[in-house]
């Protein structure tokens, strides 16, 4: 059996087989009952403390009776800021109302997409789980390679593989000693198999062990972020419009996403969390010893304190950002009598509102990841990844690329202690009627940087996770001076403990270095040489292929699960295929609409599925035809402008639809 199991490992999991083939006998030894391994002696005790076969049977029985499942608690993939999404949902709901007996169950009625098993041990639970749970993909995670070796002697993996193959099930095995490694490999599996199948996923814990427990909790926290829609048509439309206008109109410097040579100059990353109020005076005291980056709305409290940041960073593309900036200027007419941020430098995504860019004297643009503007106009340019989900992430990503290694975080709370004290008091959330928020609600909790508990929502928890990844992957030395959530990899530092010996920093020398290492483009120069016509052609190609896919799906009378699989493959090819420069404009709806439909399709009774499937395809096709037609027109108008013709009406960047961001 061992030889056959090893051969299976070599064929299906070659990287793990290579580890096991070189593995010598470790501390873990088998406990036998006759010829069968029934427990593992760890030296200090036994893993199962009994017969692993019976323990596995009891554990699986209890789990099947009351499983832990992740899934959509509501419709995901739909943006409230999108008119197209609203129209989509109206038609979907009309379809449901027209059907008799369209009762929605709590969890998916059909086969689940995933079962995540944390802990292999001897593996006796695997065949039981595979048999008793109707699931498509089983992902087994183990942190101890000796346990995998022992399972090959205890469990007939070939029989397990045959049984799973007969049921149309797929098996993935992940071996990793650290949570970060496990999380990365889990993301790889989900990326390959598809996020759209996460609805109703089972999560099973076999035995307690810190790396597995941590990876389990991370997956629970990550699943909601994977299930939500990423981007929507009107937002991407806004970004390609803003990008072409900004590049066409303004002199600017380009910041590529590659890392520049590092140098020992401190960077203050100033965000607008509530603890900024307590640290603002210490920023003022030491601002001449560091380069100060302000993050979005942080500009207001900094200006109130008389601190003009060295670089102001923006990511948002919303038209209302202009009114926010004007509000800041109106509060400090003594500093900016011309109603412009005279002398200030702006670092922003090329997608920033074209009404905002003229307010600054010196412009630095970068191409952000996962945006249509980058796919269309930033080909061959290293993109600035890791800029979301918050502007604090953007500041850190930009500063790291510019060569700053030593960073000090202020107001980067990633949450709040008091839900009514959710931002610094002198921010727009308290001073502008249109943006006032009485309190924040959150379902997450984390230990505080200086003790206590910090509460947060999904976005702030995601923000903290992304900062932790930057600190690790970018090899940054970060001091967290924020009285917010503890951020793994950073060093807590009370603001009053700050100390920088020596003379103030020669900031002009730093500014010169950043300018010299950035590429300068005069207005219109960047887009010269771009084949602006190719984008129009690519929209037409996408239209043909997407409509053909839907037509074939109708002809083949496929299930919704099969449609998900085909669209998942279509989505992967979209980023690298013949319409890769324009595909992100439509990716949000191509995938988001399916995620939204999944909530209902997975929960409707059998008699309703056929009609709902046809209604979905009709709605999906109609709305995408409209978006494809408009996208083609946008690229045509952009081509005319870049080649010397008139600017299109949308080039002013003004808000057109009240209640929306465009």
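Per the listing 308, 240, the residue uniquely assigned to a loop (DSSP other than H, G, I, E, B), touching a helix residue (DSSP H, G or I) at 6+ places or on another chain (Cβ under 9 Å) and either outside the structural domain of residue 387 (by TED's automatic domain parsing) or surrounded by fewer than 24 Cβ atoms within 10 Å (Cβ to Cβ) (or both) is 308.
Selection of region 54-73 for residues being farther than 14 Å from residue 205 by Cβ, surrounded by 13 or more Cβ atoms within 10 Å (Cβ to Cβ) and at pLDDT below 95 yields 71, 72.
Filtering region 45-66 to residues that are closer than 16 Å to residue 131 by Cβ and either in contact with a strand residue (DSSP E or B) (Cβ under 8 Å, 6 or more places away or on another chain) or outside any helix (DSSP H, G or I) (or both) leaves 53, 63.
Filtering 514, 564, 467 for residues that are part of a helix (DSSP H, G or I), more than 28 Å from the chain's Cα centre (by Cα), surrounded by 15 or more Cβ atoms within 10 Å (Cβ to Cβ) and touching a residue at least 24 places away in the same chain (Cβ under 8 Å) leaves a single hit, 514. For region 622-645, does any single residue satisfy the condition of being surrounded by fewer than 21 Cβ atoms within 10 Å (Cβ to Cβ) and under 24 Å from residue 102 (Cβ atoms)? Checked region 622-645: at least one residue is surrounded by fewer than 21 Cβ atoms within 10 Å (Cβ to Cβ) and under 24 Å from residue 102 (Cβ atoms). Filter region 252-262 down to the residues that are more than 14 Å from residue 397 (Cα to Cα) and touching a helix residue (DSSP H, G or I) at 6+ places or on another chain (Cβ under 8 Å), then identify the one that is surrounded by the most Cβ atoms within 10 Å (Cβ to Cβ). Only one residue tops the list, namely 252. Selection of region 264-287 for residues being farther than 26 Å from residue 448 by Cβ and touching a helix residue (DSSP H, G or I) at 6+ places or on another chain (Cβ under 8 Å) yields only 265.
Before we move on, is residue 508 out of contact with any helix residue (DSSP H, G or I) (no Cβ under 9 Å at 6 or more places or on another chain) and either surrounded by fewer than 19 Cβ atoms within 10 Å (Cβ to Cβ) or in the same structural domain as residue 406 (by TED's automatic domain parsing) (or both)? The answer is yes for residue 508.
Counting only strands (runs of 3 or more DSSP E) that sit wholly inside region 343-453, those with at least 2 residues that are over 21 Å from the mean Cα position of the chain (by Cα) and within 25 Å of residue 257 (Cα to Cα) are 360-366, 406-410. Given the conditions (1) surrounded by fewer than 18 Cβ atoms within 10 Å (Cβ to Cβ); (2) not in a loop (DSSP other than H, G, I, E, B), report the number of the one that residue 333 does not fulfil. Tallying (1) surrounded by fewer than 18 Cβ atoms within 10 Å (Cβ to Cβ); (2) not in a loop (DSSP other than H, G, I, E, B), residue 333 fails exactly one: (2).
The values are calculated or read from the model by the stated rules, or taken from the named source; none is laboratory data. What you are looking at is a predicted structure, and each value in this text was computed from that prediction instead of being measured. With ideal geometry, Cβ positions are generated from the backbone for all residues, glycine too; neighbour counts draw on all protein chains shown.
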